[in-house]
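The values are calculated or read from the model by the stated rules, or taken from the named source; none is laboratory data. It should be emphasised that the depicted structure is a prediction, and the values quoted were computed from it without experimental measurement. With ideal geometry, Cβ positions are generated from the backbone for all residues, glycine too; neighbour counts draw on all protein chains shown.
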Amino acid sequence: MAGGKTTAADLGAYLCFEDEAGQGLRPPKGRTWAPVGARPVVTVRGRGSGRINMAGVVAFRDGERPHLFYKLHVYHGRKGEPKTFSWSDYRDLIVATHQQLGAPLVWCWDNLNVHLDGRLAAFAAEHADWLRLVQLPAYAPELNPAEGVWSLLRRCLANFAVTDPGPKRSRLTRHARAR
């Protein structure tokens, strides 16, 4: 660590890794079975517009079990509706994580354009007593343990066909709580 810097352990802070992923209404392909020579086909009705985005945080502290926090954003495909998270959604996720854990946070995330928003940097400077932001390299999934959460959640959605985001949101929430 560079001179003058302190680690999360020295601060008594949680080391938090944040990442986001999205899932459209089309079901991701998964393994299934069918009689020999018959190809399984899942018919999906509806126009298939809409998307569920999920921002997740995995929080670690020495000697404690890891914690998973998440926030969902449902996009219905309507005109004028935001498609993804805004800077204030990320701010709210940071605040909610801090309130749940009741300890300082060292927040590690990638270089997504919203993460680099000046308003988030100003928020972090305003709350420097309990929040430190760390930017991870541009593409380094091996450094971010939150990346592994998405593969587990996608498995529960394999071959799950819906026409609106409601049931998919319920299923994501149920499986994220079980992790």
> closer than 25 Å to residue 10 by Cβ and at pLDDT 90 or above - does that describe any residue in segment 78-89?
Replying inline: no
> Which number in (1) part of a strand (DSSP E or B); (2) within 15 Å of residue 105 (Cβ to Cβ); (3) modelled with pLDDT under 85 marks the one condition that residue 23 misses?
Replying inline: (2)
> Out of all the residues in segment 49-108, which are more than 26 Å from residue 24 (Cα to Cα) and of a type in the set (Phe, Trp, Tyr)?
Replying inline: 60, 107
> Counting just the residues of segment 51-68 that are of a type in the set (A, V, I, L, M, F, W, C) and touching an Asp or Glu at 6+ places or on another chain (Cβ under 9 Å), which one comes out surrounded by the most Cβ atoms within 10 Å (Cβ to Cβ)?
Replying inline: 57
>> I'd like the full set of residues that are in contact (Cβ under 8 Å) with a residue 40 or more places away in the chain, within 12 Å of residue 59 (Cβ to Cβ) and under 14 Å from the mean Cα position of the chain (by Cα), limited to segment 69-128.
In response: 70, 93, 97, 107, 108
>> I want to confirm something. Restricting to segment 69-104 and keeping residues that are closer than 24 Å to residue 151 by Cα and in contact with a Ser or Thr (Cβ under 9 Å, 6 or more places away or on another chain), which single residue is surrounded by the most Cβ atoms within 10 Å (Cβ to Cβ)?
In response: 70
> Name the residues in segment 120-144 that are modelled with pLDDT under 95 and charged (D, E, K, R), would you?
Replying inline: 129, 132, 142
> Is it true that some residue in segment 147-162 is within 18 Å of the chain's Cα centre (by Cα), at pLDDT 85 or above and within 30 Å of residue 50 (Cα to Cα)?
Replying inline: no
> What are the residues in segment 96-115 that are in contact with a helix residue (DSSP H, G or I) (Cβ under 9 Å, 6 or more places away or on another chain) and β-branched (Val, Ile, Thr), if any?
Replying inline: 106, 114
